[in-house]
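The values are calculated or read from the model by the stated rules, or taken from the named source; none is laboratory data. Given the structure is predicted, the values throughout are model-derived calculations rather than measurements. In this analysis, Cβ positions are derived from the backbone assuming ideal geometry, glycine residues included, and neighbour counts consider all displayed protein chains. These accessible areas exclude ligands, DNA and RNA; they are computed on the full protein's heavy atoms, side chains included. Shrake-Rupley method; radii C 1.70, N 1.55, O 1.52, S 1.80 Å.
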Amino acid sequence: MTAAMVEHQQDSEGRPWDYLLHTWQELDVPEGWRAEIDEGQIVLVPPPHAHHNGIADLVQQCLYRGLPDGLGIYQTLGVHVTPLDKLYVPDLVVMPRELIVAADPDTSDPMDAADALLIVEITSKGNAREDRTKKYRAYARAGVPMYLLIDRFDTRGAMATLFTEPNEDGTFKRSDAVPLGKPLTLPEPFGTTLPTDGFPV
């Protein structure tokens, strides 16, 4: 099913979000692809380049070294940005394990983005703008306390930026950016330094 086929439709009670969510749950997405809900339509995201996956692996390894008990790191986890009725599938999500365990086993409902402690997006050529703008604003509106954007296609050169202190207006009060190759400090509850010198660019 394509995005155009589900755009602007509604469920039987006239709720477009419920219709889109139900359609998203029923999609048979090809292996490696991701389906997201944005701007009132379902968008299919193709599998990323191997370098993209390599960066995700290195970030995950670093996070695991200092991860507090009770937290887990998840790939391909759908998160619902409730204030905007968007659904994204970030590259990595750090969230309390108890919420994952408590999820209804009979549905594939997304998790609430507001429950994430950290969301990581790694840009690809085709989606860099969305990660920098739409997803930046959405995660801020959701109240995600930390948004890590690893942008290999930044016009300033490949960068890693940690956004913190979200505002309801869709911005983050603080951003800490380093060029790839330099370490980036991740504050508590992680309390670790992310080395980026091994990231493929």
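Tabulated data for the structure shown
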{"quantity": "Acute angle (nearest 10 degrees) that the helix 50-65 long axis makes with the longest principal axis of the chain, alpha-carbon atoms", "calculated": "70"}
{"quantity": "Whole-Å distance, taken between Cα centres, linking segment 89-148 and segment 57-83", "calculated": "9"}
{"quantity": "Distant-in-sequence amide H partners of Leu118 (H built 1.01 Å from N, under 5 Å)", "calculated": "Val94"}
{"quantity": "Per residue accessible area in Å² of the chain, where ligands, DNA and RNA are left out and the probe is 1.4 Å", "calculated": "51"}
{"quantity": "Summed side-chain charge close to Tyr74 - residues other than Tyr74 whose Cβ falls under 12 Å, Lys, Arg +1, Asp, Glu -1", "calculated": "-1"}
{"quantity": "Above-threshold pairs, the threshold being 20 Å between Cα atoms, out of Lys134/Lys182; Lys134/Lys173; Lys125/Lys182; Lys86/Lys173", "calculated": "Lys134/Lys182; Lys125/Lys182; Lys86/Lys173"}
{"quantity": "Residues whose placed amide H lies under 5 Å from that of Thr196, excluding near-sequence neighbours", "calculated": "Gly181, Lys182, Leu184"}
{"quantity": "Listed candidates (1) 52, 36, 35; (2) 49, 48, 33; (3) 51, 40, 35 - label of the one calculated as Cα extents along the principal axes in Å", "calculated": "(1)"}
{"quantity": "For q = 0.19 Å⁻¹, Debye-computed log10 I/I(0) when each Cα of segment 51-154 counts as one equal scatterer", "calculated": "-0.96"}
{"quantity": "Equivalent ellipsoid, segment 109-182 (semi-axes from 5 times Cα gyration tensor eigenvalues, Å)", "calculated": "21, 13, 11"}
{"quantity": "Rounded Å value of the spacing that divides the Cα centres of segment 150-201 and segment 21-53", "calculated": "25"}
{"quantity": "Computed magnitude of the charge dipole of segment 49-201 (debye, nearest 20; Cβ of K, R +1, Cβ of D, E -1)", "calculated": "700"}
{"quantity": "Share of carbon and sulfur in the accessible heavy-atom surface of the chain [1.4 Å probe, %]", "calculated": "49"}
